[in-house]
């Protein structure tokens with residue numbers, strides 16, 4: 001129960017990876033404060049709204065008086081350049097980059113000794129698919145924000161980020177090519193990320209800060225070429 005009575009904040013904690021992270025901290029004795037847009041027994045609000053972030057911070061401090069761990073997990077909007085409007089792109093950055101920055105600022109004077117910030121980025125911070133600009137830009141932004149905050153909080157708060165690859169949140173088991181394309185031989189699950197979050201928040205990771213850890217089963221280390229191992233790129237330019 002390393003996190004007994006620790007105050008943990010998880011954004012986007014109503015489902016998926018965020019829910020798993022929140023549940024793991026609760027099992028370890030932490031007092032977990034969740035904010036999410038979905039209705040439920042947590043602080044309900046839109047992370048893109050400045051006033052909502054301020055109200056949430058006041059609520060956390062009123063209830064716990066401190067923050068030991070801040071996990072910025074909320075998912076930005078996923079849209080590409082063909083369909084994404086100016087407003088939608090700005091909204092994705094507000095959720096994915098501005099909110100983590102502003103929460104760190106709001107909690108700046110309330111971080112406990114040994115506190116930790118863990119940002120959830122994505123392997124898309126280093127690789128891309130077409131039509132993914134709003135999400136990819138936000139995830140790249142939070143990766144850079146991580147090491148900037150680590151420098152600003154040096155000696156007070158450790159700041160790290162995790163870049164998940166393909167993480168299935170439905171409980172489905174994948175086989176065949178879906179599994180084989182990972183060096184690990186399987187698709188990831190939320191516990192793969194939650195385990196690293198708990199480690200980074202613990203005293204065992206006391207010498208780790210400003211770091212980004214990619215958890216993707218090895219996919220970003222796999223070199224793929226057209227016509228290699230029977231793989232073909234389906235593209236209009238090759239038709």
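Here the calculated FRET efficiency for residue 174 and residue 211, from their Cβ-Cβ distance with R0 = 41 Å, stands at 0.90, rounded to the nearest 0.05.
Only DSSP H runs of four or more residues enter the estimate; each adds -39500 (n - 2.57), and after division by the residues of the chain the mean residue ellipticity at 222 nm equals -10000 deg cm²/dmol.
For the listed peptides 55-67, 118-130, a ranking on the average number of other beta carbons within 10 Å per residue, highest first, reads 118-130, 55-67. For the chain, the longest principal axis of the Cα atoms and the long axis of helix 50-64 meet at an angle of about 50 degrees. Segment residue 184..residue 234, full-extension length gain: 15.4 nm, with 0.36 nm per residue of separation and the alpha-carbon distance subtracted. Against the chain, whose longest principal axis comes from its Cα atoms, helix 190-201 is set at around 40 degrees.
Annotation: peptides 164-176, 13-25, ranked by per-residue average of other Cβ atoms within 10 Å with the highest first, follow the order 13-25, 164-176. Normalising the average separation of contacting C-alpha pairs (under 8 angstrom, six or more residues apart) by the number of residues puts the relative contact order of the chain at 18 percent. Taking packing as the residue-averaged number of other Cβ atoms within 10 angstrom, the listed peptides 76-84, 188-196 run from highest to lowest as 188-196, 76-84.
For the chain, modelled as a GNM whose springs connect Cα atoms under 10 angstrom apart, the maximal fluctuation among 98, 69, 44 occurs at 44.
None of the figures in this text is laboratory data; all of them are computed from the coordinates on show. Just so you know, these numbers come straight off a predicted model, no measurement behind them. So basically every Cβ, Gly included, is an ideal-geometry build from the backbone, and we count neighbours across all protein chains shown.
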